[in-house]
Number of protein chains: 2
Amino acid sequence: MAEDAREPAAPAADGGTAARPDRTAATRQALVQAALALFLERGFKATRMSDVAAAAGLAKGTTYLHFKDKESLFADVLRGVLTETGGRRRIGRPRPDEPTRAFLLRTVPPILRELQASGRFGILYLMAREGPQFPAVADTYHETVIVPVLRLVRIYARRAERRGEVRSDALSRLPIIFVAPAILSALWNNLFGRASPLDVAAVFEGYLDLLFGPAPAGSDGPQQT
Amino acid sequence: MAEDAREPAAPAADGGTAARPDRTAATRQALVQAALALFLERGFKATRMSDVAAAAGLAKGTTYLHFKDKESLFADVLRGVLTETGGRRRIGRPRPDEPTRAFLLRTVPPILRELQASGRFGILYLMAREGPQFPAVADTYHETVIVPVLRLVRIYARRAERRGEVRSDALSRLPIIFVAPAILSALWNNLFGRASPLDVAAVFEGYLDLLFGPAPAGSDGPQQT
DNA sequence: GACAAGAATGACCCGCGGGTCATTCTACCG
DNA sequence: CGGTAGAATGACCCGCGGGTCATTCTTGTC
């Protein structure tokens, strides 16, 4: 971790307007946004600081008034995206007798679509590409995103297994199986997107059919072994 | 694509021993091997030509007697790995009445284990990381590896669906779903491998349980709707 | 042993891009 | 208006690493 953000002017007792820190904050923000876009597009190493600055409408030197170095800019970009998820996408719970399949079907695809649209999947891809070179950052991501998600998956996997909705306990044993199709199609899009894009949410829905059986006519509950 | 490999001395009518081209070929081979290892470990951009040469026990300049530039070395490395798969891993066919699950279970895990052991999954990861920067190479990989694999998947997905062994036709519609857990765990290993490695074959077996139901007692054949 | 021919070397070149800093610009205050 | 403090600039520095080439080393032949 870095955190060294080069405190831009004491936000302490300012005699006059509070306009200054605002200007500064806006500039910072512009840089972070520009950097995010470029990092997503080209990756960390391949992005030049001069380009970041230019994209933010600033000169290269200015960047270094706000960020100690390239890596700390990267850390800030990441932190921004991770916390910006911020409002903390609430997942809600399934209604007492709601089939797990129905619950997942109404809950997950919108999230996937949002992740897709907001480019948050791009971050995932970015981490996959540059993670090895920045173990600290990769760890942060692992703990902030991956572990919680898998924990959540495990909870609902157990529920589905308890209710006999799925064919084995593999989901709760290896929660990565549950997220694999969605994640992989997201990666696919960042890789072959232009050529043949996949609709991540659609893939997920198809996957649900496979796991739980296709949409039931009435409410649900086909065979339970 | 490059291919410009800088023909090392006319292999044509040599007046004397055929030893020369051998020496040359050996050196080439050493370079390719060293490059492969380093590319897998650090990625293309982050690998220095001087390191490749050193790893092959040669001086940097020598590398350029055998390869036009870094990129053409990369192309050669890739070509080597792709064709070396060479003997053409035969997949065999399921016996007439063999359940698809059983067939996959005896066929796929060994392949996965070999891919794992031989580091071929590393290539996959390498492509994921550097693909965007080298569209031509990514295309080659797409056509040489991905398309054929997905085609194969589709064939067996159809079989399983025809026989009513799986719960939906999502597999043949979106074959990526079938390979997702294995691929993603392979990528995971290249990313968090040291921390918490996954047994790719085990993940796949768990996934089979989920798709087809757990191992049947006798031979198989649960419900067909 | 002399000599040719290819293989290998490593000092060198040079552009790219991260990072610095003396200077200029802007905005506000008395 | 003069003063000042922080924001911004962009010319500059410099190491890194891809790529070159005059030179040396090896190997095989007569």
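Evaluate the range A:209-225: report whether one residue or more is small (G, A, S) and either under 21 Å from the mean Cα position of the chain (by Cα) or closer than 19 Å to B:A182 by Cα (or both). There is no residue in the range A:209-225 that is small (G, A, S) and either under 21 Å from the mean Cα position of the chain (by Cα) or closer than 19 Å to B:A182 by Cα (or both). Filtering the range A:154-168 to residues that are in a helix (DSSP H, G or I) and within 13 Å of another protein chain (Cβ to nearest Cβ) leaves A:A157, A:A160, A:E161. Just one of (1) modelled with pLDDT of 95 or more; (2) more than 15 Å from DNA strand D (Cβ to nearest atom); (3) more than 25 Å from A:T144 (Cβ to Cβ) fails for A:P96. It is (1).
Does A:I146 satisfy the condition of being of a type outside the set (D, E) and at the interface with another protein chain (Cβ under 8 Å from one of its Cβ atoms)?
no
A:A56 meets all of the listed conditions (1) buried (at least 18 other Cβ atoms within 10 Å of the Cβ); (2) touching a residue at least 40 places away in the same chain (Cβ under 8 Å); (3) over 29 Å from A:E165 (Cβ atoms); (4) hydrophobic (A, V, I, L, M, F, W, C) but one, namely (2).
Within 14 Å of another protein chain (Cβ to nearest Cβ) and charged (D, E, K, R): which single residue out of A:R120, A:R101 fits that description? Give the steps one after another, and end with the answer.
Working: A:R120 fails: within 14 Å of another protein chain (Cβ to nearest Cβ).
The match here is A:R101.
Residues of the range A:35-54 that are away from DNA strand D (no atom under 12 Å from the Cβ) and either part of a helix (DSSP H, G or I) or not polar (S, T, N, Q) (or both): A:A35, A:L36, A:A37, A:L38, A:F39, A:L40, A:E41, A:R42, A:G43, A:F44, A:A46, A:D51. Listed conditions (1) under 20 Å from B:S172 (Cα atoms); (2) surrounded by fewer than 17 Cβ atoms within 10 Å (Cβ to Cβ); (3) among the aliphatic types (A, V, I, L, M) are all met by A:A136, apart from (1).
Considering only residues in the range A:39-74 that are within 10 Å of DNA strand C (Cβ to nearest atom), of a type in the set (A, V, I, L, M, F, W, C) and closer than 21 Å to A:A25 by Cα, the one that is nearest to the chain's Cα centre (by Cα) turns out to be A:F74. When you scan the range A:157-168, do you find a residue that is over 10 Å from the mean Cα position of the chain (by Cα), in contact (Cβ under 8 Å) with a residue 24 or more places away in the chain, within 21 Å of B:L191 (Cα to Cα) and not assigned by TED's automatic domain parsing to the domain that holds A:E41, even just one? So far as the range A:157-168 goes, no, none of its residues is over 10 Å from the mean Cα position of the chain (by Cα), in contact (Cβ under 8 Å) with a residue 24 or more places away in the chain, within 21 Å of B:L191 (Cα to Cα) and not assigned by TED's automatic domain parsing to the domain that holds A:E41. For the range A:181-195, the set of residues classified as assigned to a helix (DSSP H, G or I) and more than 9 Å from every other protein chain (Cβ to nearest Cβ) consists of A:A186, A:N189, listed by residue number.
The values are calculated or read from the model by the stated rules, or taken from the named source; none is laboratory data. These figures come from a predicted structure and were not determined experimentally. Methodologically, a virtual Cβ is constructed for each residue, glycine included, from the backbone with ideal geometry; neighbour enumeration extends over all protein chains shown.
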